[in-house]
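Every number here is computed from the coordinates shown, using simple stated rules; none is lab data. What you see is a predicted model, and the numbers here were worked out from it, not measured in a lab. With ideal geometry, Cβ positions are generated from the backbone for all residues, glycine too; neighbour counts draw on all protein chains shown.
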């Protein structure tokens with residue numbers, strides 16, 4: 001198996017910089033669209049053979065160095081007892097938002113073997129099918145990010161209700177976050193036990209918080225999850241606080257092996273700021289994949305140069321690949337990372 | 001007239017820290033809602049007497065130290081020859097997005113006296129009515145931000161089409177930006193000539209750009225506008241690159257007297273980074289206005305302490321006030337800034 005990705009996570013020596021792309025199993029690939037056309041997004045998440053198939057597609061088509069489980073961060077929230085719907089164009093919707101004590105108390109901590117077995121089964125299939133290929137990354141949403149969906153009832157622009165609870169009802173907020181934290185911990189433990197070889201925690205909305213609020217209302221829950229995971233597994237853990245340029249020093253205390261960087265950050269500066277104890281992942285602007293080949297390669301070279309000073313660097317986009325990206329452009333990116341990093345390593 | 005705001009912009013000594021709030025003339029005020037209920041948003045922008053009335057409301061009701069013209073950054077784009085609609089819940093819509101050479105060539109550079117006279121008339125009314133009160137801020141959108149609305153046809157989540165043009169059709173992109181820059185320059189000059197005593201340039205979407213792209217594709221147009229304005233007016237200029245934590249060093253080269261800070265930034269760190277040549281404006285999370293009074297005042301004290309090291313500090317929110325904010329909470333904020341800054345100055 002190509003274990004370059006795992007080595008870079010741990011800061012071990014590699015022959016070239018490993019690369020994968022957030023949302024690499026997704027709509028920009030015609031092969032994905034073909035599978036997806038037969039069933040809904042949620043059905044695809046819950047059909048292990050097909051979820052495994054689309055997970056492997058970018059490995060075979062693009063030559064990425066890691067596979068990431070095809071799923072969604074909201075899947076375990078449904079298992080907490082909530083109705084979850086995906087509406088075309090609108091995105092995810094929780095028709096019954098969690099905004100009071102009663103709603104928090106109704107939430108259950110799901111038993112992954114019972115309520116989320118389709119995820120674990122997907123992981124087991126993938127470990128067999130990826131055995132000669134690349135490592136498999138499992139994942140979950142970070143508690144703050146998951147809480148925003150529950151409180152807002154879906155995606156949000158200003159996160160008014162989330163922050164309102166955080167600011168005006170701090171005890172209710174923390175009781176909700178604690179429950180999500182417990183759920184996420186057992187869920188990630190189960191993923192590792194089923195065979196996930198690395199775990200990424202997506203804090204997609206961390207960047208809407210001022211640093212002090214992040215430190216008080218988001219980070220402690222991530223720290224607790226990671227500390228708990230360390231007791232039962234030694235798989236590398238990646239923490240990605242999206243839009244988190246001002247949260248880097250705090251994110252470093254999360255306990256993660258790898259910190260994800262979004263594209264707003266100058267990777268060279270971030271590496272200097274973070275020091276030698278952590279690897280980094282990122283951070284091309286996903287839409288910069290549309291650059292002409294020469295310019296795209298130049299941009300990759302710059303990111304590789306910035307990442308080369310880190311303990312370890314996993315090249316990636318700074319956010320999920322956009323659905324209208326031509327796969328050929330993604331291939332230029334992946335190939336450029338491999339080729340240019342071999343030259344300089 | 002209370003000129004504390006203007007003094008802080010220029011870094012002159014003040015007796016207390018001046019404060020105003022982005023979107024302070026807006027939907028959170030029942031007095032605004034009453035005026036607005038009689039006509040559409042665009043009609044309100046184009047009715048000088050009423051636009052002036054809502055501009056003054058927060059001055060009288062809350063005691064802010066500056067008034068900002070009630071208008072919208074998209075107003076001059078309509079005057080460039082485009083259809084602009086405001087849809088409830090969706091926001092602004094340009095039914096005919098600007099995505100090719102022909103569309104760019106069709107754009108006109110409006111004569112403010114002819115096409116935007118309602119704005120200038122509003123400013124003239126306001127200068128009379130505010131004469132014994134506070135200074136009046138005029139404003140415009142920054143070229144990159146304005147371009148996103150034209151190219152996307154409205155608000156956007158990923159700015160795919162904007163970045164696509166930027167990355168794949170750089171000449172088309174720059175010809176569009178140059179035209180918007182020319183329009184914005186004459187528009188801001190006209191505002192200053194009509195009596196605006198400070199000018200703010202809102203780069204609401206600057207934060208979706210990687211620093212290198214901001215430096216190449218957004219900042220130069222802002223620099224050009226400010227340099228041109230300096231030739232004919234000495235009013236203070238505020239540049240606000242929203243979500244721009246990683247763009248601060250670059251923003252400092254914009255030529256502005258004051259840099260706006262969004263709430264993601266630690267103001268003390270930003271001031272240290274920016275040095276003694278520029279004033280700062282910001283930066284409370286607007287939704288932190290929902291904090292209990294004691295906590296809100298503590299947060300204001302922290303921002304004042306951070307801002308006190310700057311050449312000048314204008315207290316403000318880090319983004320526009322949210323429509324569901326109780327005015328009484330906004331009043332606590334304004335009063336706390338005045339009271340706490342008098343103690344320490």
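Tabulated data
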| read-out | value |
| --- | --- |
| For residues of B:155-168, the mean tally of beta carbons on other chains within 10 Å | 4 |
| Order of A:232, B:37, A:279 - criterion: other Cβ atoms within 10 Å of each residue's Cβ, fewest first | B:37, A:232, A:279 |
| With Cα atoms, 0 to 90° folded angle of helix B:293-307 axis to chain B main axis | 70 |
| Estimated 222 nm signal from helices in the protein assembly as shown, with DSSP H stretches of n ≥ 4 weighted -39500 (n - 2.57), rounded to 500 | -14500 deg cm²/dmol |
| Prolate/oblate/rounded label for the protein assembly as shown (Cα gyration tensor, a/c 1.5) | prolate |
| Per-pair calculated FRET efficiency, R0 = 41 Å: residue A:41 and residue B:324 via Cβ, rounded to 0.05 | 0.85 |
| Pair-distance profile P(r), taking every C-alpha pair of the stretch A:43-158, with 10 angstrom steps and integer % | 13, 39, 31, 15, 2 |
| Centroid-to-centroid separation of the stretch B:1-70 and the stretch A:1-72 [C-alpha atoms, Å] | 51 |
| Relative contact order %, chain A, counting alpha carbon pairs below 8 Å whose residues are six or more apart | 21 |
| For the stretch B:187-345: relative contact order, % (alpha-carbon pairs under 8 angstrom, 6 or more apart) | 19 |
| Other copies of residue A:293: label-to-label distances in nm, shortest first, labels 7 Å along the beta-carbon direction | 6.8 |
| Candidates B:152, B:49, B:105, ranked by Gaussian network fluctuation over chain B, Cα under 10 Å, top entry | B:105 |
| Cα-based helix-to-principal-axis angle, A:143-152 vs chain A, degrees rounded to 10 | 50 |
| At 7 Å out from Cα toward Cβ: residue A:41 inter-copy label distances (nm, ascending) | 2.6 |
| Closest approach to the axis - chain B beta-carbon, rotation onto A, Å | B:245, 2 |
| Overall Cα dimensions of chain A - principal axes, largest extent first, Å | 59, 45, 38 |
| Relative contact order %, the stretch A:1-86, counting alpha carbon pairs below 8 Å whose residues are six or more apart | 29 |
| Residues A:214, B:240 arranged by fewest to most Cβ contacts within 10 Å | A:214, B:240 |
| GNM flexibility winner over chain B from B:241, B:147, B:270 (Cα, springs under 10 Å) | B:270 |
| Between the stretch B:204-240 and the stretch A:226-292, the alpha-carbon center distance in angstrom | 30 |
| Range of Cα positions in the stretch B:187-314 per principal axis (Å), largest first | 46, 36, 27 |
| Folded to 0 to 90 degrees: helix A:48-62 orientation relative to chain A principal axis, Cα | 30 |
| Distances in nm from residue B:117 to the matching label points in the other copies, shortest first (labels 7 Å along Cα to Cβ) | 7.7 |
